[in-house]
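Since the structure comes first, as structure tokens, the remarks are kept for the end.
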Amino acid sequence: MVMSVALHLLIVGIALAGWSWTSPISEPEPRTISARLVSPEPRPSPVVDEQDQQDREQERRQQQERERQQQEAERRRQQEEQARREAERQAQEQARQREEERKRQEAQARERAEQQAREQEAARQKAEAEAKERERQRAEEERKRQEEAKRKAEEEKRRQEERRRQEEAERKRQEEAARQEAERKRQEAERRLREQQLEALADESRREREAEARRQQEAAAARAREAQMLSESEKYQALIRERLSQAWYPPSSATEDMTARVQITLLPTGELVNARLVSSSGNTAFDNSVFSAVRSLSRYPIPSDRDTFERYFRQFTIEFNPQRLR
């Protein structure tokens with residue numbers, strides 16, 4: 001690029017120098033046309049004037065001189081025009097030669113630049129190829145290093161796996177030994193447990209037989225007690241019904257179909273705590289006579305046994321009917 005710029009500057013300098021050496025071509029003088037107004041000459045008199053004839057001769061010679069000068073000027077103009085054209089042709093030829101020289105020099109400079117660019121591109125490609133080769137070598141070395149590391153890691157892994165298998169086998173052997181020992185202890189414990197269970201079952205069977213005997217005895221006693229309590233309760237219920245029958249005076253409007261049920265609550269002393277009508281007879285006078293009979297007893301006959309009282313006489317219901325109560 002620098003050489004191309006220098007060549008262009010050199011060509012411009014040569015062109016300017018060639019232009020200064022060429023002298024400018026003077027422009028030809030413009031052609032002039034002489035004209036003279038010729039008026040109709042008067043017809044000469046028969047007498048010829050000599051002076052007039054001389055004047056006409058002189059005027060003719062002047063006219064010829066002017067025509068000769070014009071022809072000479074035209075010839076010089078044509079020569080100058082031819083010289084100018086030749087100078088222009090030579091200038092154009094020189095300019096063409098200079099242009100061709102410039103183009104040749106530019107082509108040479110361009111060729112040198114292209115050659116330099118090709119050399120630089122070749123150098124760049126060579127550098128890239130060398131860099132790629134170095135990179136390939138590094139990659140190859142890295143691959144070999146990784147393969148070696150992988151091989152060592154796999155070998156170490158195999159050793160660890162072998163050690164693990166040995167440890168696993170030893171662990172299983174110990175576990176099997178411990179399992180067998182535990183199984184022996186378990187069987188021994190189960191044997192002792194079965195013996196203890198058999199002994200416990202024997203004790204439990206004995207205790208159950210004893211308990212069953214006690215339950216039977218208690219049931220028999222309870223049945224006897226229940227029979228006694230029932231008999232006692234029936235006796236006192238009969239006494240209560242008799243006392244109430246003696247204290248009850250049904251109204252005259254009472255019929256055998258009328259029935260009233262009263263719930264009675266007593267104290268352990270036989271005193272009345274509360275009386276509540278559970279079922280009405282439908283006759284107010286009949287119901288009132290029932291309440292009067294219930295409240296008329298200051299103390300109800302009850303058994304001295306507390307269990308019998310709590311079960312049968314703490315709270316009970318009695319039915320009032322003229323036919324049944326009596």
Can you give the log10 of the normalised intensity I(q)/I(0) at q = 0.18, 0.30, 0.33, 0.34 Å⁻¹, computed with Debye over equal Cα scatterers of region 282-326? -0.70, -1.13, -1.18, -1.20
The chain, relative contact order [Cα under 8 Å, separation at least 6], %: 14 percent
Cleavage-rule hits, GluC sites (Glu not before Pro), region 96-157, DSSP coil, Cβ neighbours within 10 Å at most 14: none
In the calculated pair distance distribution of region 104-171, what percentage of Cα-Cα distances lie above 20 Å? 65 percent
Would you count, across the chain, every pair of lysines whose alpha carbons are under 28 angstrom apart, provided the pair is eight or more residues apart or spans two chains? 7
Choice from Gln51, Gln116, Gln79 showing the highest fluctuation, given a GNM over the chain with Cα pairs closer than 10 Å: Gln51
Of Asp305, Asp52, Asp257, which has the largest mean-square fluctuation in a 10 Å C-alpha GNM of the chain? Asp52
Specify whether the C-alpha gyration tensor of region 138-227 places it in the rounded, prolate or oblate class, a ≥ b ≥ c being the square roots of the eigenvalues: rounded for a/c under 1.5, otherwise prolate if a/b is larger than b/c and oblate if not. oblate
Express the carbon and sulfur contribution to the solvent-accessible surface of region 171-243 as a percent, rounded to the nearest whole number, probe 1.4 angstrom. 50 percent
For the pair Asp307/Asn288, report the inter-label distance in nm, with labels modelled 7 Å from Cα in the Cβ direction. 4.5 nm
Label-point separation (nm) for Glu130 and Gln216, each offset 7 Å from Cα along Cα-to-Cβ? 12.1 nm
Report, to one decimal in Å, the Kirkwood hydrodynamic radius for the chain based on all distinct Cα pairs. 40.4 Å
Nearest-0.05 FRET efficiency for Arg276 and Ser296 at R0 = 22 Å, using Cβ-Cβ distance, is 0.85
Suppose the Debye formula is applied to equal point scatterers at every Cα of region 213-273; what is log10 I(q)/I(0) at q = 0.18, 0.25 Å⁻¹? -0.86, -1.12
Per residue value of the accessible surface for the chain (all protein chains in place, 1.4 Å probe), Å²: 79 Å²
Note down the accessible area of Val273, probe 1.4 Å, to the nearest 10 Å². 80 Å²
Grab the DSSP H runs of the chain that are 4 residues or longer, score each as -39,500 (n - 2.57), total them, divide by all residues and round the 222 nm result to the nearest 500 deg cm²/dmol. -27500 deg cm²/dmol
Residues in region 105-129 near a label at Arg138, defined as backbone nitrogen under 17 Å from the 7 Å Cα→Cβ point? 127-129
Under a point-charge model restricted to the Cβ atoms of Lys and Arg (+1) and Asp and Glu (-1), what is the dipole moment magnitude of region 119-267 relative to its Cα centre, in debye to the nearest 20? 360 debye
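The values are calculated or read from the model by the stated rules, or taken from the named source; none is laboratory data. What you are looking at is a predicted structure, and each value in this text was computed from that prediction instead of being measured. Because the Cβ atoms are built from the backbone with ideal geometry, glycine has one as well, and the counts that use them run over all protein chains shown. These area figures cover heavy atoms from the full protein model, side chains too; ligands, DNA and RNA do not enter into them. Shrake-Rupley method; radii C 1.70, N 1.55, O 1.52, S 1.80 Å.
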